[in-house]
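First comes the structure, then the notes that go with it.
The values are calculated or read from the model by the stated rules, or taken from the named source; none is laboratory data. Predicted model, so just to flag it, every value in this text is computed and none were measured. All Cβ positions, glycine included, derive from the backbone under ideal geometry; neighbour counts span all protein chains shown. Note: areas computed on protein heavy atoms with side chains; ligands, DNA, RNA excluded. Shrake-Rupley method; radii C 1.70, N 1.55, O 1.52, S 1.80 Å.
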Amino acid sequence: MTTEAATIGLTHGRSEDTGLGHRGPESKSIVVPYGFWLFVLSDMVLFSALFASYGTLVNATDGGPTTHQLFPATWLRSRRSPCCCRASSAAWR
Amino acid sequence: MFGRLTLAAIPFDQPIPLITSLVVALALGGVAIWITRMKAWPYLWNEYITSTDHKKIGIMYIVLALVMLVRGFADGIMMRAQQAIAIGPSQGYLTPEHYNQIFTAHGTIMIFFVAMPFVIGFMNFVVPLQLGVRDVAFPTMNNVSFWLSASGALLVNLSLFLGEFARTGWLAFPPLSETQFSPGVGVDYYLVALQVSGVGTVLTAVNFVTTILKIRAPGMSYLRMPIFCWTALASNLLILAAFPVLTVVLAELMLDRYLGFHFFTNDGGGNSMLYMNLIWVWGHPEVYILVLPAFGIYSEIAATFSGKPLFGYRSMVFATLTICIISFMVWLHHFFTMGAGGDINAVFGIASMVIGVPTGVKIYNWLFTMYGGRVRFNVPVYYLIGFMLTFVVGGLTGVLLAIPPVDFVVHNSLFLVAHFHQVIIGGVVFALMAGYTYWFPKAFGFTLDERLGKAVFWCWFIGFHLAFMPSYLLGFWGATRRMQHIPDPSWAPFLAVEFVGAAIIGLGIVLTVVQLLYSIKTRDQRRDVTGDPWDGRTLEWLTLSPPPHYNFAVLPDVHGEEAYWTRKQTAIKMDQLIAEPDYKPIEMPINTPTGVIVAFFASVCGFAIIWYIWWLAILGLIGAFAIFVWYAWRDEHEHIIPVDEVRANARERRRIRMEHLHELSQST
């Protein structure tokens, strides 16, 4: 962004404070992350719908084994601890 | 090599889709030849197809919507004709399979590819102008959004010529939409087209929420924004929160159909009630995504043509946001009969009735805006009054349907069909036609013919009532929706009246085209020289018609609730414009073919997924991704409009405005 462009309006730096509660368009550095986080917000909603599906269907296995039977808690824990150790040691390094 | 795509996909045995496809192909070819002969391809490419200008993109959305309106209407009148004929012993001219495709296509097209692009088109065209800025937050993404919507529309229309469309109704309820009962490509066309256009819609929402919250002219605080901007904000927040759910539920149905999952199947632990809940968690807010901007359009029209500020501006904002929130708490009223239990039905029934309160607030605000005003009876005001008369009745039948016991009686009957057509035609379509008349001069620099405009209004108004009022009675008498054949001969006269009503609406659509052509032909007599043909109150009327690419030479300073009206009145009183500002060069985004190329690859990929042509699907994905990468590494982002050009244009505008001002000052 050029410096002269920074003074001329849309998404290019703020215009003067008019004292009217709003100073004009925000700069690109505000607008772009704002849009990005809004998109992430829509992603959160997307995941909430996935979790709702999971919650509804978690035990709907048509007589087959459930998640807990396939992957018992002890099995998960035994797999998880080394991962956690590795992650925390990586964090220390 | 070509998956399940064979020559058998072309419906040689069905003359109606085949002939229609040929006619459409001939029409498209004719238009292409005409454009070539006019040597207009470079103009179209530079000014529209690759444009990042929000106004041009808005116009493209509305053209898409109008074209698809013709398709959706053709489906509608075919259904009405079938129902008027196929009574008692007669079977009519449409087979059940074909008829089912038609009502599915009618609903899908009218909501996703007529109402949505029309509404988004207005938001594109109007919101940045009303906020006093030069473009939306993400202009290139805006172009991509449009082309993805167009890509979805293309896929739906392709089903006419290749294969079939879904026979499931416009929301593709499982288990009917599962492979077991719908093995063909119809549901896949539906799913893929909506997924592609859905991506575009979510990007639009990101774009507009960011624009409205972050990019406004100096002094344009939240409570100074025109109501249309508020309703656009509410509508886009709803898109942001509702469309991801649609994406999920359609993706789950795709997993069922393509990979043998059991989300919604009858067997294997599937649960179709999950689909009902998820689809309506999106589906009910969708109604408000459409109708809130419509309310915004009525608000602008009521204030402008009554020559008064909008009555109860703050209550209007409050009502809009209340509707925005409550619209997420009522989805279960679409399936009271599913058996969620009396208490849950009661909660959702009451919530549904509560929505009537903020809506009522709005109706009173419009009435009191008109009361005591000098109402000018231009075409948009006809729609405004027609809307208030029609929509209130539609709303009341909605309150009736919100009572679970009543809903049990008329569920899935023609009573329901009459109700939602009354709120969507009376609420949304009337607003779109009003907005089309209202903002047309801003877009093209001349007004539309008033006499023909009024004729179009009367066609819609009378046609609508004839076409749907009898349905309330038929619904009470037990006529269910989506019937290919009518068993009870005593319903015949009512269905005949409904057909006549649909034909009158058809006449209205023809007259809309006539109005457009006639207005173009006589445009020199109806030029909007000043840029303010309706004595407007909001900032879009500050600039010339059509506005320059950058909208405003200098971003306007906003004082008070009615930015432009305050400014105009001060100028008339002082008999002079505000002092000439210090012009500066303006930086604007450059054109980009990204959108149209992405949409091309999205269409290819979508088509390949529908027909199981996996190598082509992968190719399409790679192509779309490659164009994104290419775009991300671009060197040139914007171009500078030199200060001399800005100054020259602005001075010309000031000259025109000064002349107009002197006339006004002398007349008062």
For the range B:296-311, indicate whether the set of residues that are modelled with pLDDT of 95 or more, more than 11 Å from every other protein chain (Cβ to nearest Cβ), under 30 Å from B:ALA172 (Cβ atoms) and touching a helix residue (DSSP H, G or I) at 6+ places or on another chain (Cβ under 7 Å) is non-empty. no
Looking only at the range B:206-237, count every residue that is at the interface with chain A (Cβ under 9 Å from one of its Cβ atoms) and out of contact with any Phe, Trp or Tyr (no Cβ under 7 Å at 6 or more places or on another chain) and tell me the total. 13
All positions within the range A:44-59 that are closer than 30 Å to B:ILE215 by Cβ, open to solvent by less than 80 Å² (accessible area, probe 1.4 Å) and more than 7 Å from every other protein chain (Cβ to nearest Cβ): A:SER48
Considering only residues that are crowded, with 22+ Cβ neighbours inside 10 Å and over 27 Å from B:LYS55 (Cβ atoms), which ones fall in the range B:431-462? B:PHE461
Complete set of residues in the range B:250-261 that are more than 7 Å from every other protein chain (Cβ to nearest Cβ) and assigned to a helix (DSSP H, G or I): B:LEU250, B:ALA251, B:LEU253, B:MET254, B:LEU255, B:ASP256, B:ARG257, B:TYR258, B:LEU259
Among residues of the range A:26-42, those that are in a helix (DSSP H, G or I) and facing chain B (nearest Cβ under 7 Å), counted: 8
Does B:SER545 meet the test of being away from every other protein chain (no Cβ under 14 Å), under 29 Å from B:VAL67 (Cα atoms) and assigned to a loop (DSSP other than H, G, I, E, B)? yes
Within the group B:GLY200, B:GLY184, which residue is open to solvent by 10 Å² or more (accessible area, probe 1.4 Å), in contact with a Gly (Cβ under 8 Å, 6 or more places away or on another chain) and either more than 30 Å from A:GLY24 (Cα to Cα) or more than 10 Å from every other protein chain (Cβ to nearest Cβ) (or both)? B:GLY184
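Okay, residues lined up against (1) closer than 21 Å to B:ARG134 by Cβ; (2) hydroxyl-bearing (Ser, Thr, Tyr):
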site: B:ILE590; (1), (2): yes, no
site: B:PHE600; (1), (2): no, no
site: B:PHE607; (1), (2): no, no
site: B:TYR612; (1), (2): no, yes
site: B:LEU616; (1), (2): no, no
site: B:LEU619; (1), (2): no, no
Have a look at B:VAL133, B:VAL114 and point out the one that is among the β-branched types (Val, Ile, Thr), within 14 Å of chain A (Cβ to nearest Cβ) and crowded, with 24+ Cβ neighbours inside 10 Å. B:VAL133
Look through the range B:1-51, keep the residues that are among the hydroxyl-bearing types (Ser, Thr, Tyr) and either assigned to a helix (DSSP H, G or I) or outside the structural domain of B:MET68 (by TED's automatic domain parsing) (or both), and return whichever of them is least open to solvent (accessible area, probe 1.4 Å). B:SER21
Might you check whether a residue that is open to solvent by 10 Å² or more (accessible area, probe 1.4 Å), under 30 Å from B:GLY595 (Cα atoms) and either modelled with pLDDT of 95 or more or at the interface with chain A (Cβ under 8 Å from one of its Cβ atoms) (or both) occurs anywhere in the range B:263-272? no
For the range B:54-92, what are the residues that are within 24 Å of B:VAL510 (Cα to Cα) and either in contact with a Lys or Arg (Cβ under 7 Å, 6 or more places away or on another chain) or hydroxyl-bearing (Ser, Thr, Tyr) (or both)? B:TYR61
Among the listed residues B:THR566, B:THR522, B:THR530, identify the single one that is more than 30 Å from B:TRP147 (Cβ to Cβ), at pLDDT 95 or above, out of contact with any Cys (no Cβ under 9 Å at 6 or more places or on another chain) and open to solvent by less than 60 Å² (accessible area, probe 1.4 Å). B:THR522
Just checking, which of B:LEU155, B:LEU160 is open to solvent by less than 10 Å² (accessible area, probe 1.4 Å), under 20 Å from B:THR20 (Cβ atoms), in a helix (DSSP H, G or I) and not small (Gly, Ala, Ser)? B:LEU155
